[in-house]
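The values are calculated or read from the model by the stated rules, or taken from the named source; none is laboratory data. No experiment lies behind these values; they were computed from the predicted model shown. All Cβ positions, glycine included, derive from the backbone under ideal geometry; neighbour counts span all protein chains shown.
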Amino acid sequence: MTKYLISFPSGALVLPPEELQVVADAAHAVVEEAKAAGVWVFGGGIDESVPPVLVDGDGAVTEGTYPQTTQLEGGYTVLEVPTREAALDWAARFAAACRCAQEVRAFAYDPAS
């Protein structure tokens, strides 16, 4: 089975404040479905109040990030499913719950892990 990253950037979630809890409850319901189906691996959102840092091989810490990832934020889910079609089905469930499109990416298989 392949692990898939299903995600959306923070800016895609545009809701009136009074609808945030409804959307959160809907998304959590999909999470519970994924757990019950045995496909849930991990999920969460980037804490945008904590600035990113780069850690070098010698342990040196530098504030900031790689230039191409300056906008890494939002919500992330990792599921392990048997097919890409199954990943797309789960992404559609999350998209409906969150009221925004979801990006789907497959993790490369690593036989050593």
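Within segment 8-34, the set of residues being at pLDDT below 95 and closer than 21 Å to Phe107 by Cβ comprises Phe8, Pro9.
Every listed requirement among (1) over 14 Å from the mean Cα position of the chain (by Cα); (2) closer than 23 Å to Met1 by Cα; (3) part of a helix (DSSP H, G or I); (4) not polar (S, T, N, Q) is met by Asp25 save one, (2). Of the residues making up segment 40-66, just one is on the phi > 0 side of the Ramachandran plot and either of a type in the set (Phe, Trp, Tyr) or modelled with pLDDT of 95 or more (or both), namely Gly59.
For segment 34-45, does any single residue satisfy the condition of being in a helix (DSSP H, G or I), surrounded by 10 or more Cβ atoms within 10 Å (Cβ to Cβ) and basic (Lys, Arg)? There is at least one residue in segment 34-45 that is in a helix (DSSP H, G or I), surrounded by 10 or more Cβ atoms within 10 Å (Cβ to Cβ) and basic (Lys, Arg).
Residue check: is Ala37 modelled with pLDDT of 95 or more, hydrophobic (A, V, I, L, M, F, W, C) and under 19 Å from Ala96 (Cβ atoms)? So Ala37 passes the test. Quick check on Gly75: is it surrounded by 10 or more Cβ atoms within 10 Å (Cβ to Cβ), small (Gly, Ala, Ser), closer than 26 Å to Asp110 by Cβ and in contact (Cβ under 8 Å) with a residue 12 or more places away in the chain? Answer is yes for this residue.
The set of residues in segment 76-113 that are assigned to a loop (DSSP other than H, G, I, E, B) and hydroxyl-bearing (Ser, Thr, Tyr) comprises Thr83, Tyr109, Ser113. Among residues of segment 20-33 being β-branched (Val, Ile, Thr) and over 17 Å from Ala86 (Cα atoms), the one that is surrounded by the most Cβ atoms within 10 Å (Cβ to Cβ) is Val23.
For segment 1-22, the candidate set comprises residues that are under 13 Å from Cys100 (Cα atoms) and β-branched (Val, Ile, Thr); within that set, the residue that is nearest to the chain's Cα centre (by Cα) is Ile6.
Residue pairs whose Cβ atoms lie under 6 Å apart, sitting 6 or more positions apart in sequence or on different chains, and linking a residue in segment 1-17 that is within 15 Å of Phe42 (Cβ to Cβ) to a partner that is among the aromatic types (Phe, Trp, Tyr), are Lys3/Phe107; Ile6/Phe94; Ser7/Tyr76.
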